[in-house]
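Chemist: The structure under discussion is supplied below as structure tokens; questions concerning it will follow.
The values are calculated or read from the model by the stated rules, or taken from the named source; none is laboratory data. Quick caveat: nothing in here was measured; it's all calculated off a predicted structure. Heads up, the Cβs are rebuilt from the backbone with ideal geometry, glycines too, and the neighbour counts pull from every protein chain shown. Side chains included, ligands, DNA and RNA excluded: accessible areas come from the protein's heavy atoms. Shrake-Rupley method; radii C 1.70, N 1.55, O 1.52, S 1.80 Å.
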Amino acid sequence: MRYGMAIDTKKCVGCSDCVVACQTENDVPLGYCRDWVTETVAGTYPNVELELRTERCNHCDNPPCVRCCPTGASHVIQGGIVLVTHNECIGCGACIQSCPYDARFSHPNGYVDKCTFCAHLVEKGGQPACVAVCPTKCMFFGDLDDPDSDVSAALKNRRYKALAPEAGTKPQIYYLL
Ligand code: SF4
Ligand code: SF4
Ligand code: SF4
């Protein structure tokens, strides 16, 4: 099993409902976020294209944040989800420095935090909060190894990209183009 996400950049309207849902579901303190929305403009006038997309930890298959963690607090669980065990984290910040996606932050309680793919919901058969709340249904989550999963179906007949593939981290979030 290999959990991943596909996010349709043609359907995201940049409403940030995913950010609010994540903050509520995961008690993310005010002023911090586990997911965020970016806007990029490509091309030159008059052929300009705006891309809105929601970003978070890519749950990389080759995660430098796990390799560099001196205590083992950063680790990978079944399905490839990358987590931080809060009471084993000494807050050294090595993982924050190693992440090419700026996906981690120092929690005011002294540990490092980031997206968990809502593992607490997924392990009960649910969907991540951000995916469930999206009003345009632009996010698809599931097992990339299962051809019938929502995420595999979303990737089937579309072009897609991952972010910063050159970093070699093998991100598991794909953006439909
Ligand atoms: Fe680690 Fe960053 Fe990859 Fe998440 S996106 S697994 S924090 S390297
Ligand atoms: Fe590991 Fe915590 Fe240091 Fe990150 S801040 S590398 S999770 S001990
Ligand atoms: Fe937040 Fe869960 Fe979505 Fe990750 S999967 S961004 S923790 S709501």
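Chemist: Being surrounded by fewer than 16 Cβ atoms within 10 Å (Cβ to Cβ), farther than 24 Å from residue 5 by Cα and either within 14 Å of ligand 3 (Cβ to nearest atom) or free of Cβ contacts under 8 Å to residues at least 60 places away in the same chain (or both) is the filter here, so list the residues in the stretch 98-113 that pass it.
Modeler: Correct list: 106, 109, 110.
Chemist: Return the residue satisfying two criteria in turn: it lies in the stretch 72-90 and is closer than 16 Å to residue 109 by Cβ and either part of a loop (DSSP other than H, G, I, E, B) or more than 10 Å from ligand 1 (Cβ to nearest atom) (or both), and of such residues it is least open to solvent (accessible area, probe 1.4 Å).
Modeler: Among those that are closer than 16 Å to residue 109 by Cβ and either part of a loop (DSSP other than H, G, I, E, B) or more than 10 Å from ligand 1 (Cβ to nearest atom) (or both), it is 73.
Chemist: Name every residue in the stretch 15-28 that is assigned to a loop (DSSP other than H, G, I, E, B) and surrounded by 12 or more Cβ atoms within 10 Å (Cβ to Cβ), in order of residue number.
Modeler: 15, 16, 26, 28 - these are the residues of the stretch 15-28 that are assigned to a loop (DSSP other than H, G, I, E, B) and surrounded by 12 or more Cβ atoms within 10 Å (Cβ to Cβ).
Chemist: Quick check on my filter: what residues within the stretch 29-63 are touching a helix residue (DSSP H, G or I) at 6+ places or on another chain (Cβ under 9 Å) and not in a loop (DSSP other than H, G, I, E, B)?
Modeler: 36, 37, 54
Chemist: List pairs: first in the stretch 19-34 and away from ligand 3 (no atom under 11 Å from the Cβ) and aromatic (Phe, Trp, Tyr), second assigned to a loop (DSSP other than H, G, I, E, B) and at pLDDT 95 or above, Cβ under 9 Å, 6+ apart or cross-chain?
Modeler: Listed by first residue and then by second, the contacts come to 32/107; 32/108.
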